[in-house]
Every structure is written in C-alpha cells, then in structure tokens.
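Written below as structure tokens is the structure these notes are about.
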Amino acid sequence: MGLLTVLKKLKQKEKEIRILILGLDNAGKTTILKRINGEDISTISPTLGFNIKTLDYNGYKLNIWDVGGQKSIRSYWRNYFEQTDGLVWVVDSADRPDRFADCKAELHSLLTEERLAGASLLIFANKQDLPGALSSEEIAKLLDLKAIQTHHWQIVGCSAVTGDNLLTGMDWVVTDISKRIYMLD
Amino acid sequence: MTVTPSAKTSPAATASVSPDDVLKHDRPTEKFLCPINANAFIEFLEFRIRDVDTNQVMFEVKRPSYEIDWNARDLSGSDELRTINYTFPAAFLKYKAVGTTLVFAVCPAGISNFRMIERHYFKGKLMKSFDFTFGFCIPGSVNTWESVYTMPPLDPKQIEEMIESPDQTLSDSFYFVDDTLIMHNKASYRYAT
C-alpha cells in the first residue's frame, strides 16, 4: 500500500489528537486556550479544575485540556496524562526569578512520566509583550531544555494577549504529532 | 438477573443504565431513565451556545452564584426542569460552527470517571451521537468544556424542512459517573423565521 493510500485511509476515520496544557499558576494557559479559540480574554480567573476545548483543526479533532496550575492542584495533573499526544508547557517569561527553578523542576519531572513518553513537547515562552520578559533563548537556558533527549521539543516565544506566535506553536505541535501518527500506521 | 432498559421502556427504579445501553438507542426515550436525585456528583453552573464566527451568544443560562452547599441541594424538581425547549433563529442552521460551553461544579469527593453521551434525532431518526469522556474530575473543582461543532452544510430544502417541523428535532443527554447514569436531560429545538 502506497503512502497516499495510507494517508487517504487515515483521513476517512476521525483523527483525534489530545493535547495537555500545563505550567505554573498564572503562566497564561487559559488565556492561550481562549485566544486560540477566538474568545474574549478580558476576564479570566484562576482555573480550579480543567478547561477543555474540542475543535476541528487542520482535519483533526483536537481535544485540548488546560488543567489549573496552582500548587494545590498540581498533584492531580497525573490524572490527565493518559493518551496525551502533545504536551504544551506554558511559561510566564516575566515571572519572578525564583519561580523559574520551580518551573524547571515541574517540567523535568513530567518528562520522566511513562504515560507522557510519546508526547511531543511545545514550550510556550508566554507574555513576550511584557517589558522585562526573558527571550525564548533565555527561557530555554533556564529550563535546561538542551538536556531533553526523550521528547521532540520546540520552544516558541509568544503572547496570548496579542496572539503573536500562538498558531506557529500549535501548528508545530499538531504537525509533529501527525507525522508520528502517520509513521505508526 | 440484570434488566437492560431499552429506549422504549422505562427501567425499574433500581436498574442502572450504562453507556452501552444508551448507545443502542435509535429514537428519543419516552421517559427519563434515572431519577433527579441520582445526581449527587455535579451541578451545572453555566450553559452557553455561541456562533463561533461572530462570537455572538445565542443562548445562555447561568446560576446566580457558584457557591454550592453539597449537603443541602434541592433535588425535588419536576421533570419539566430536565427539559429545555429551544427556539433559535433560522439563521442558526446556516452557521459554519457552533460552540456549546458547559461549566460544572464537582462534589467534594471528586469523580473518578465522568462521561457524557448525547443523541440527536430529527423526525425520530438518529442524526448524530456525541460521546465525550471527561474522566477524572478534581474534588470540589469547577470545570469548563467547550465543544465546537462544524455544522454540516444543509441545502435549502433541508433547512425548510427543519423550520417547518418544530419540535421534531430532539436530543437526549446522558451523564455517567463510573458508567452509571446519574443525569438525563432532554431538549427540543425549533427554528423560527
């Protein structure tokens, strides 16, 4: 069976992709999700559970899960790992310096999770519109991204408020996942 | 012996209804398949329908307060409270994408597996079935789910037929906790010109 036939065949059934958005509290996860979805972002309060969006994107059915990042909720993150194709880690690039250590530790701990082993990893260096925001290169260094050997990863500087680069990042993660799905078939 | 309720018969009060049962339904149920007080787990806070292209809200219900006293909930309501009769402008049938947003609170004990199945019928025929597994819900959490549906393009004749058949568009919504039915709601839809 040729590649074209495989692709055609895949198109016929509904292709579902599950993306999990995590990050420390106030990183901007919900704002990113709402912005991608064309919703009002003026009144967003801390997420005390999850926000899910189910939508069609480039021929895929995307289920995007944004789970709250407050310290008291983080222990529940593991309940949402199952069947995750892509992990989006959101960083507040203008956060207090002492929070980056926490941010790095939480991210690297996720990467040791067996149920996230196959997931593509997108890091959003969010809030690039704020003065004093660190660049994506600086964030990459602070989070020691170079050390990641286990996952396909990409870092994208973005702003959920202006919308800059959100689609660039989402495109990368969906494309990376779909390449993997095609190869497995 | 287990009793498997069908779309036609109402189950005995003790029989629990499973996802597999309702996935077999080929017409709207005649009765509600669980009592109102089967729901000790979730409370709806908001429900909203919007036109995605214009971001215009077509329908919205909201609880005045998010504060819920889980020990003193009033579950004595009548079946009328489980039915919504929607009237939408006919333009609704031409929208490219419609988003439905559900906001719900979860009981202090949390839920290990939450699932929704919705069956949509037109003139007694199954048109579409939605099946969504939320899975785990954090104790005491407030959660939001928006589903954006790409609407199938309808030809003028189909649109006319739907406008001329008020309340022949019906749906059953079933909510399960650990595969046991805890809530059943119904809706009817009419399109006004």
| task | Would you mind telling me which numbered condition in (1) more than 17 Å from B:Val98 (Cα to Cα); (2) hydrophobic (A, V, I, L, M, F, W, C); (3) more than 14 Å from chain A (Cβ to nearest Cβ) B:Ile159 fails? | result | (1)
| said: With the requirement that a residue be in a strand (DSSP E or B), more than 16 Å from B:Leu81 (Cβ to Cβ) and among the β-branched types (Val, Ile, Thr), what does region B:19-66 give you? | reply: B:Ile49, B:Val57
| request: Considering (1) free of Cβ contacts under 8 Å to residues at least 40 places away in the same chain; (2) part of a loop (DSSP other than H, G, I, E, B), say which one B:Ser76 fails and leave the rest. | output: (1)
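Under the condition of being in contact with an Asp or Glu (Cβ under 6 Å, 6 or more places away or on another chain) and within 13 Å of chain A (Cβ to nearest Cβ), which residue from region B:113-135 is nearest to A:Asn79 (Cα to Cα)?
Top of the filtered list is B:Asn113.
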| note | When restricted to B:Ala15, B:Ala72, the only residue modelled with pLDDT under 95 and in contact with a Pro (Cβ under 9 Å, 6 or more places away or on another chain) is B:Ala15
| query | Listed residues A:Ile155, A:Ile181; which is within 21 Å of A:Asn26 (Cβ to Cβ) and not in a loop (DSSP other than H, G, I, E, B)? | reply | A:Ile155
| query | Is it the case that region A:97-110 has a residue that's at positive phi and of a type outside the set (Val, Ile, Thr)? | reply | no
| task | Being under 15 Å from the mean Cα position of the chain (by Cα) and of a type in the set (Phe, Trp, Tyr) is the filter; apply it to region A:143-185 and report the residue that is surrounded by the most Cβ atoms within 10 Å (Cβ to Cβ). | result | A:Trp153
| Inside region A:100-147, can you point out the residues that are more than 23 Å from A:Phe81 (Cβ to Cβ) and not aliphatic (A, V, I, L, M)? | A:Phe100, A:Lys127, A:Gln128, A:Asp129, A:Pro131, A:Gly132, A:Ser135, A:Ser136, A:Glu137, A:Glu138, A:Lys141, A:Lys146
| Before we move on, is A:Leu55 surrounded by 15 or more Cβ atoms within 10 Å (Cβ to Cβ) and more than 24 Å from B:Val52 (Cβ to Cβ)? | no
| query | Quick check: is even one residue across region B:166-187 of a type in the set (Gly, Ala, Ser) and either at pLDDT below 95 or over 19 Å from the mean Cα position of the chain (by Cα) (or both)? | reply | no
| Options B:Glu46, B:Glu60: the member that is surrounded by fewer than 17 Cβ atoms within 10 Å (Cβ to Cβ) and farther than 17 Å from B:Tyr189 by Cβ | B:Glu46
| Just one of A:Ile155, A:Ile123, A:Ile148 is in contact with a Leu (Cβ under 8 Å, 6 or more places away or on another chain), farther than 22 Å from A:Arg35 by Cα, at pLDDT 95 or above and not hydroxyl-bearing (Ser, Thr, Tyr); which is it? | A:Ile148
| query | Wholly within region A:49-136, which strands (runs of 3 or more DSSP E) include no fewer than the required count, namely at least 1 residues that are farther than 30 Å from B:Tyr66 by Cβ and within 14 Å of chain B (Cβ to nearest Cβ)? | reply | A:50-57, A:60-67
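Go through region A:28-48 and give me each residue that's in a loop (DSSP other than H, G, I, E, B) and among the charged types (D, E, K, R). Before you say what the answer is, go through the steps one by one.
Residues of region A:28-48 in a loop (DSSP other than H, G, I, E, B): A:28, A:37-48.
The answer is A:Glu39, A:Asp40.
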| note | Those residues of region B:136-155 which are more than 9 Å from every other protein chain (Cβ to nearest Cβ) and within 24 Å of B:Phe59 (Cα to Cα) amount to B:Met151, B:Pro152, B:Pro153, B:Leu154
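The values are calculated or read from the model by the stated rules, or taken from the named source; none is laboratory data. None of the values given here were measured: they were computed from a predicted structure. Don't worry about glycine lacking a Cβ; one is built from the backbone with ideal geometry, like all the others, and counts go over all protein chains shown.
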